[in-house]
1. Taking the condition touching a Lys or Arg at 6+ places or on another chain (Cβ under 9 Å) and either at positive phi or in a helix (DSSP H, G or I) (or both), does LEU326 pass?
2. Working only within region 522-555, note down all residues that are of a type in the set (Val, Ile, Thr) and either surrounded by 11 or more Cβ atoms within 10 Å (Cβ to Cβ) or in contact with a helix residue (DSSP H, G or I) (Cβ under 8 Å, 6 or more places away or on another chain) (or both).
3. Mind checking which residues of region 18-58 are at positive phi and loosely packed, with under 12 Cβ neighbours inside 10 Å?
4. May I ask you to list the residues in region 407-444 that are part of a loop (DSSP other than H, G, I, E, B) and either surrounded by 11 or more Cβ atoms within 10 Å (Cβ to Cβ) or touching a Phe, Trp or Tyr at 6+ places or on another chain (Cβ under 7 Å) (or both)?
5. Evaluate the following for LEU82: is it surrounded by fewer than 20 Cβ atoms within 10 Å (Cβ to Cβ), assigned to a helix (DSSP H, G or I), within 28 Å of the chain's Cα centre (by Cα) and touching a residue at least 24 places away in the same chain (Cβ under 8 Å)?
6. Exactly one of these conditions fails for PHE184: (1) at pLDDT 95 or above; (2) more than 28 Å from the chain's Cα centre (by Cα). Give me its number.
7. Among the residues of region 292-304, are any in contact with a strand residue (DSSP E or B) (Cβ under 7 Å, 6 or more places away or on another chain) and in the same structural domain as HIS135 (by the TED database)?
8. For residues that are in contact with a helix residue (DSSP H, G or I) (Cβ under 8 Å, 6 or more places away or on another chain) and among the hydrophobic types (A, V, I, L, M, F, W, C), scanning just region 15-41, find the one that is farthest from ALA72 (Cα to Cα).
Amino acid sequence: MTAREPIDKQQAWRALSQHADAMREVHLKDLFQEQGGRHERYTRRAAGMMLDLSKQRWRGETLDMLLDLARAADVPAAIGRLLSGERVNRSEDRPALHTALRLPADARLEVDGEDVVPGVHRTLDHMATMVAKFHAGQWRGATGRAITDVVNLGVGGSDLGPLMVTHALADYRPRDMHPVEVHFASTMDGSQLADYLTRLNPETTLFVISSKSFTTIDTLSNARTARDWLFSHLADGDDVDGLVMRQHFIGVSASPEKMSEWGIADNNQLEFWEWVGGRYSLWGAIGLPIALAVGMENFQALLAGAHAMDRHFATAELADNLPVLLALAGIWNVNFLDIRAHSILPYDGRLEYFASYLEQLEMESNGKSVTNDGRSIDYSTCPVLWGQLGPNAQHAFYQLLHQGTQPVECDFIAPIRRYDRVEDEATRKHLKAQHRLTLANCFAQSRVLMLGDDAIEDDGPRPSHKRYRGNQPSTTLLLDRLTPETLGALVALYEHKVFVQATIWDINPFDQWGVELGKKIATQTEQILTTHEGVESLDDSSRGLIETVWRESEY
């Protein structure tokens, strides 16, 4: 692929920079006064959701110019390259085919002369067989008792994705099956795992070791502790170690040989591929905890929802394309309005972990400062992204949003309908009233962030500490309902948003060399802590910290 002219040197970028000079002091309340019907003009629907971008600080000409920027960056061709399996991960010279994990079985996608779809569905079928065995109470531990608790040992994408989805879809747990509780342990300090080991029964507990490389120190340290715990409690009889390994461990990795070396039985190994990034991997075998929690049928529905968004991304015109429009709103705020902070605010308790999931998806993907061709970037890329459940955040950091000095872009996310499935009529009525109150807060907050003082009835002069400037841009995403399908579409929407922004910024969203560097240095530092050798090669601060630990602990 030939190098392109830097995006900030192109005419489309320069035009937007000039336009931003005129727009920077324009208040959102003025934009609503000068242009009626903004909601209809800047709202699009697809895959069971509605995207309202009317509270962004832009005019029609702004969006037109941003669409010109997307064309200048060749976004349509980039979408085609991503979905067709081209080597879009340039630093590692491989495709990024998370979308292939949600293709239907009758689809076909050739990569380097091989159709990858059959392999994907072989793994899904293997997962389905495992899940059915658990839910029938037929997966038994070394002592013959049925497994009741599954602990997922993973970190990053091998933890956040399954954790987020299982929590979000808790309403969809299948009934009339053998109960299996799913738990997650990711911290290398063992604190989460230690809690489970004090409460769970080793006879009925199984561990899923999820690691793309099967070398991640965080995960393997937890796995070794889990293995020793099982051996110490179940070591009774001939070949008990082998029986424990066969009945109490499942491995998920792109490295089957390392799983085998660790002792994972061949039939307990689930595969995923080098062309799937960890933070994009919940759609395949890494999603086993999801399928265990909500059933394989609902897991397939999750995939179908994501695939619906993939089809929309592939076929919709840029001006109607939800991921493209969401990405362009971010580009406008970060690069032209100098808004470097972005908050994710779901108004549904089931989406408690969604902001954490997006923190990794966006900042690990687009937290880059070098283009695909190795040029240092002198424009902003990924903003600082954080969030929390909106109703809780109102009592935490909304003070900064309303009256602080920091401009922040916000994404409000909520389902239109909830609690339809509650059987008791009185309870359903009360819960629906609570949901109505939640929606009222969601809409009110975005309104006040937009209008500031103008959202409040004039009750006379107010002191400065009771005034609100407004003009904080926001996006509102309304799901018809939070279902496996719409959750899948929602996650895919943000995946594709990240890709569009990376395309415009000319960066690779599919590598994470900064993370790899941290792992390498941590391994070297652990060796120094353990062996007491090599500390003299470190800087004064690091040396002092290590020597303090040596003096004051058993290390």
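The values are calculated or read from the model by the stated rules, or taken from the named source; none is laboratory data. Bear in mind that the values here come from a model prediction, so they are computed numbers and not experimental data. Here the Cβ positions follow ideal geometry from the backbone for every residue, glycine too, while neighbour counts run over all protein chains shown. Side chains are part of the model used for accessible areas, which takes the heavy atoms of the whole protein and leaves out ligands, DNA and RNA. Shrake-Rupley method; radii C 1.70, N 1.55, O 1.52, S 1.80 Å.
1. Values: touching a Lys or Arg at 6+ places or on another chain (Cβ under 9 Å): yes; either at positive phi or in a helix (DSSP H, G or I) (or both): yes.
Yes; evaluated as a whole, the condition is true for this residue.
2. Initial filter on region 522-555 (of a type in the set (Val, Ile, Thr)): 523, 525, 528, 530-531, 535, 546, 548-549.
Passing the criteria: THR523, THR525, ILE528, VAL535, ILE546, VAL549.
3. GLY37
4. Answer for region 407-444, where residues must be part of a loop (DSSP other than H, G, I, E, B) and either surrounded by 11 or more Cβ atoms within 10 Å (Cβ to Cβ) or touching a Phe, Trp or Tyr at 6+ places or on another chain (Cβ under 7 Å) (or both): PRO407, VAL408, ILE416, ARG417, ARG418, TYR419, VAL422.
5. Spelling it out, it is not the case that LEU82 is surrounded by fewer than 20 Cβ atoms within 10 Å (Cβ to Cβ), assigned to a helix (DSSP H, G or I), within 28 Å of the chain's Cα centre (by Cα) and touching a residue at least 24 places away in the same chain (Cβ under 8 Å).
6. Here PHE184 meets the rest and fails (2).
7. Scanning region 292-304, I find at least one residue that is in contact with a strand residue (DSSP E or B) (Cβ under 7 Å, 6 or more places away or on another chain) and in the same structural domain as HIS135 (by the TED database), so the answer is yes.
8. PHE32
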